[in-house]
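Structure first, commentary second.
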Amino acid sequence: MIPNLTITVNYDNQNFACRKRCSYCNWITSPYLPNDTYDWGAMDNAIASCSKSFITISGGGDPLYQIDKNANNLNTLNKICKLIKRHGKKVRIITRELKLLNYLDPNLVDIISVSLDREVVKLAKIVAEKFKFPYTFEYSLVLPPAETEHLIPLVHTYYKQAIPYFKNIIFREDVNTFYDVTWAQMPKLPGVKYVYKELCLGSHYFINDKVYDGYTLTPPKANEVNKVLAHLDRNAIVYGSLIKHLHAATTTPYYNDIDIVGITIPKYLVNNYDLYFYKEYTDRKIYVFHHKVFKQDITFHFIEVKDPKHYLSQFQLDIDRVGLKENKLVFCNTDLNLQTYIVALENKEANLLVKRNSAIEAQYFKKLNSKKWKIKA
């Protein structure tokens, strides 16, 4: 018997079938992303072997993705629901597509777990006021990767937003977080439940034709990033697209290179990666490492300098002066804090603190402009 089960769907055999690009989502580039084929007999056996009273249907892609436009998507979802019901279990669906709830069969669905973002909060009010669905609703939010002191006010803020519409609220720990949350300090609020990343990683997922656990599904890239970070010395700072991705994936959906500035190159990089590029300047040395197995899929840029914090504090934009040092978020010569940093990333807004005109920086600003970032002087 298995203690829990999620039927993982993705209504596309090539692409990620979801409108969102969430920072905590490991499915976007996962080799385990479902390909819209199902071994129904194996699925039936998996459901029968689950001891929990309900089965969850989730992504992969969103279970309600384009069910209004593609009859095959809705037919697949209904078939899975009927299979679960045949075993006398309740059906729980995790979705953000509140506009499509009226396409569901109320006889086949029991629980709607709504993944929160600003759009969903706005729609939740409309759903609560204008539609009367016979489902049990719960609100689910994956907390951003941050220290406990920063998470506490966020929990209170989201709780106030959600409590008028949802009686049951779940705050989930990001499985990619680099922080150790002190759960005893987190707010104890009515209807609130916290789900630790160990519980998520220990969950069971039916994909195509077999059951996997969360540890197996964790992407190699995430594992490697964690391994390298664990071997950094106390002076090293991780910065750039990885930090932005972890805090606002809608504006930084991918991170190709992991940028580190430090005094000494980690031995783990030297021993486990191939040196692809090296260049020396008067004030810094630049190293580019490719993984020996995954090659350019996992690339680290290491900048060797005398003072890492000073190096970071010289960047032109305030959003670039943020990094991770000894598992703590650091803000170098900027007025940003966690909440204003996230808002700035989500709104694509940055403040220009220093103006320079090098070719590299000109190319960077051109890239930001093409993605409709607003730069304030």
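Here, each number is a calculation from the coordinates, and none is a lab measurement. From a predicted model like this one, the values you see are computed outputs, not experimental measurements. For neighbour counting, all protein chains shown are included, and Cβ atoms are generated from backbone atoms with ideal geometry for every residue, glycine included.
Tabulated values for the structure
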| read-out | value |
| --- | --- |
| Length added when fully stretched, residue 48-residue 15, from 0.36 nm per residue minus Cα-Cα | 8.9 nm |
| Given charges at beta-carbon only (K, R positive; D, E negative), |dipole| of the chain in Debye | 820 debye |
| Cα pair count fraction exceeding 39 Å, expressed as % - the chain | 22 percent |
| Fewest-first ranking of 186, 1, using other Cβ atoms within 10 Å as the exposure measure | 1, 186 |
| For segment 114-134 and segment 40-105, distance of Cα centres in Å | 20 Å |
| Violating pairs (Cα-Cα greater than 18 angstrom) within the set 244/372; 348/376; 89/197; 227/309; 90/122; 20/125 | 89/197; 227/309; 90/122; 20/125 |
| Separation in nanometres of the label points that stand 7 Å from Cα toward Cβ, at residue 366 and residue 195 | 4.5 nm |
| DSSP H segments from the chain that extend 18 Å or more along their own axis, Cα-based, with Kyte-Doolittle mean of 0.0 or above | 118-130 |
| Extension gain (nm, one decimal) between residue 126 and residue 276, 0.36 nm per residue minus Cα-Cα | 48.7 nm |
| Rg ratio (alpha-carbon, reference 2.2 N^0.38 Å) - segment 221-368 | 1.02 |
| Projected-area average for segment 6-218 over all orientations - Cα convex hull basis, square nanometres | 11.5 nm² |
| Candidates 326, 138, 361, ranked by Gaussian network fluctuation over the chain, Cα under 10 Å, top entry | 361 |
| Cysteines in the chain lacking a second Cys C-beta under 4.7 Å | 18, 50, 81, 200, 332 |
| All-pairs Cα distance distribution in segment 257-306, expressed in whole percent, bin size 5 Å | 5, 22, 34, 24, 11, 4, 1 |
| Nearby aspartates and glutamates by direct alpha-carbon distance to residue 167 (threshold 20 angstrom, same-chain neighbours under 8 apart not counted) | 97, 110, 117, 119, 129, 138 |
| Under 13 Å, Cβ to Cβ, from residue 237 - net charge with Lys/Arg +1 and Asp/Glu -1 | -1 |
| Among 362, 311, 237 - extreme Cα towards positive end, dipole of the chain, charges at beta-carbon | 362 |
| Estimated FRET transfer efficiency (residue 168, residue 352; beta-carbon r; R0 45 Å; 0.05) | 0.55 |
